[in-house]
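These notes concern the structure reproduced below.
Rule-based calculations on the coordinates, nothing more; no lab input. Everything quoted here is computed from the prediction, not taken from an experiment.
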Amino acid sequence: MSPEWRLLQDDIHEARHHFAVEEAIARLLDEGKSPSTLRLRRVYPAVFVGVHQNTWAEVDVEYCRAHGIQIVRRMNGGGAVYHEMGSFCYSAFFPREFFPQSDTELYRLFANPIIRTCADYGIIAHFGGRNDVLVGERKIYGSAQFSCYRAFVQSGTFLVQMNFEAMERALKPPKVKFAGKTAQSIRERVTSLTQETRRAIDVSEVMDRFVTHFSEIFGIKLVPGTLSPEEEKLALDLFKVKYNTDAWNFGSPLQYQITVAERAEEGVVVVSADIEGEKIQKIAITGDFLLGFRKPLEELELSLTDKSVSEAQTLIQHSALPSGMRATLINLIHKIDREMKEVSSTRKQEDTHGQNC
């Protein structure tokens with residue numbers, strides 16, 4: 001007998017409300033109060049910022065404000081993405097033990113319904129990178145994950161028809177994101193179903209096809225349902241105290257003496273820091289890397305404060321981060337130290353020159 005999941009299509013189009021609902025379902029699933037769920041949604045123009053990213057560095061905030069594009073920080077990792085009603089997103093909520101595959105394998109597994117949906121329209125798509133579906137070399141789908149204790153959430157976005165001009169204006173990805181790639185801009189990097197088929201396609205129709213393939217591939221019976229009163233209440237509370245606040249969505253536009261970036265296996269890692277004398281005064285680790293939790297990074301940032309570069313590198317090496325990311329961070333700390341010393345040396349030379357004039 002096929003397992004039953006709830007199918008949610010709740011027509012919530014306001015992005016911040018949408019993410020409050022997502023977290024509410026995950027929390028209550030962990031508590032055994034919500035069922036495994038496939039949720040589909042579309043939103044009015046919005047930018048979703050990855051949980052580890054610096055909004056001010058990754059998004060043209062003024063452009064978004066001027067054009068009514070909402071900005072919201074999501075719970076999972078990855079890069080900032082632009083959404084509108086021409087795309088749709090899904091989130092699959094389930095107890096982690098439901099799928100025996102590793103988190104990395106789940107990215108590939110959940111790409112299959114997207115690949116089959118593309119095939120319905122005569123488009124050959126394939127899984128690429130860590131978490132994307134590509135048509136040729138262009139991205140048509142991206143995904144991310146987060147967990148809430150025993151509850152796991154696999155999310156993805158399928159680009160059906162998009163305003164690529166607005167997407168390119170709203171986002172400010174760092175140059176290192178395109179390093180070593182053929183595509184050197186967002187417009188060159190992404191595509192949509194309508195762009196590939198060269199005809200208008202109804203988004204609701206694509207969503208229906210995706211649901212059919214999802215059910216068939218995973219052997220799950222999807223039963224239409226609604227949010228429970230408890231989910232609605234928790235979502236409203238989360239919206240008020242978290243997702244509709246500037247503190248969560250923007251953070252502080254702190255200025256740092258120096259910022260460096262490098263691509264790791266997990267994604268682009270950005271380190272911003274102030275160094276005074278031999279000590280790190282403040283530091284921020286941001287980027288589009290795919291890590292499920294922000295807390296370990298916040299704890300690491302705190303531990304690096306008032307430490308020397310060598311002490312910082314030792315702390316990073318012994319942290320719980322993936323090995324590739326640890327190596328990248330150690331290298332970035334070294335780059336910051338080197339650049340700060342070069343700046344200090346230049347200033348001393350300038351001061352000496354000024355005294356001799």
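Considering all different alpha carbon pairs of region 66-139, the Kirkwood hydrodynamic radius works out to 14.7 Å. A Stokes-Einstein calculation at 37 °C with viscosity 0.692 mPa s, built on the Kirkwood radius of region 290-336 over Cα pairs, returns a diffusion coefficient of 302 µm²/s. Using 0.36 nm per residue and subtracting the Cα-Cα separation, the extra length available between TRP56 and GLN317 on full extension is 91.1 nm. For a straight C-alpha distance cut-off of 19 angstrom, the aspartates and glutamates reachable from LYS33 (same-chain residues fewer than eight places away being disregarded) are GLU4, ASP10, GLU22, GLU23, GLU97, GLU230, GLU231, GLU232, ASP237. Percent of Cα pairs in the chain per distance bin of 10 Å, from zero to the largest separation: 5, 23, 31, 24, 11, 4, 2, 0, 0. If the segment from MET1 to ASP208 were pulled out straight at 0.36 nm per residue, it would be longer than the present Cα-Cα gap by 72.2 nm. The slack in the chain from ALA66 to ILE217, taken as 0.36 nm per residue of separation less the alpha-carbon distance, amounts to 50.1 nm.
Under 5 Å between amide hydrogens, built in the peptide plane, is the criterion, and for ILE258 it picks out ALA273 among residues at least 5 positions away or on other chains. Note: relative contact order over the chain, using C-alpha pairs below 8 Å and six or more positions apart, is 20 percent.
Of all lysines in the structure, the ones whose alpha carbon falls short of 18 Å from that of LYS307, not counting any fewer than 8 places away in one chain, are LYS279, LYS282, LYS335, LYS341.
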